[in-house]
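Enquirer: Starting off with a structure, shown below.
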Amino acid sequence: MTLPDGTETPTATLSQLKEALDTVKDGKPEAPSPYTNGVARDQLRAFVERIERLEEEKKAIADDIKGVYSEAKGCGFDTKALRRVIALRKLDPDERAEQEAILDTYLVALGMMPEHG
């Protein structure tokens with residue numbers, strides 16, 4: 001089976017999966033079978049390799065983002081404010097308005113902002 005990321009994952013029949021499940025339930029180690037352990041081993045290896053590739057890509061992207069923040073800082077932008085802008089842009093307008101209203105309420109209650117109206 002070819003997965004969306006192009007990785008090939010071996011297929012298993014229902015009887016092969018049942019056999020593997022029975023082996024796990026019984027707790028009896030058996031001689032390696034190409035239909036149980038082999039399939040599970042190949043599938044497991046494929047999943048591990050896909051996850052490792054994605055983790056590498058995630059790290060590379062995180063490094064790129066860090067570089068962009070450094071570049072923005074070098075141009076005089078406040079990176080804390082920039083991060084806040086990015087977070088706010090992810091919110092839908094209603095959720096953003098609700099969060100801002102709650103924050104304003106708290107700031108007024110603490111005397112950190114004058115009351116409106």
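The values are calculated or read from the model by the stated rules, or taken from the named source; none is laboratory data. In this text the structure is predicted, and so the values were computed from the model without any measurement. Every residue, glycine among them, receives a Cβ derived from its backbone with ideal geometry; neighbour counts consider all protein chains shown.
Enquirer: Kindly indicate which of Glu71, Glu56, Glu95, Glu52 is of a type outside the set (A, V, I, L, M) and under 30 Å from Gln16 (Cβ atoms).
Expert: Within the list Glu71, Glu56, Glu95, Glu52, the selection yields Glu52.
Enquirer: Next question. Can you work out which of the residues in segment 52-93 that are of a type in the set (Ser, Thr, Tyr) and touching a helix residue (DSSP H, G or I) at 6+ places or on another chain (Cβ under 6 Å) is surrounded by the most Cβ atoms within 10 Å (Cβ to Cβ)?
Expert: Start the filter on segment 52-93 by keeping residues that are of a type in the set (Ser, Thr, Tyr), which leaves 69-70, 79.
Keeping just the survivors that are touching a helix residue (DSSP H, G or I) at 6+ places or on another chain (Cβ under 6 Å) gives 69, 79.
On the way: Tyr69: 15, Thr79: 12.
Checking each candidate, the answer is Tyr69.
Enquirer: Taking the stated definitions as given, is Arg96 touching a helix residue (DSSP H, G or I) at 6+ places or on another chain (Cβ under 7 Å), charged (D, E, K, R) and without any contact (Cβ under 8 Å) to a residue 60 or more places away in the chain?
Expert: yes
Enquirer: Name, by its number, the condition in (1) touching an Asp or Glu at 6+ places or on another chain (Cβ under 7 Å); (2) exposed (fewer than 10 other Cβ atoms within 10 Å of the Cβ) that does not hold for Met113.
Expert: Condition not satisfied by Met113: (2).
Enquirer: Hey, does segment 16-29 have a residue that's modelled with pLDDT under 95 and at positive phi? Don't jump to the end; show me each part of the working.
Expert: First, the residues of segment 16-29 that are modelled with pLDDT under 95: 16-29.
The next check asks that each one be at positive phi; those that pass are 27.
Within segment 16-29, one or more residues are modelled with pLDDT under 95 and at positive phi.
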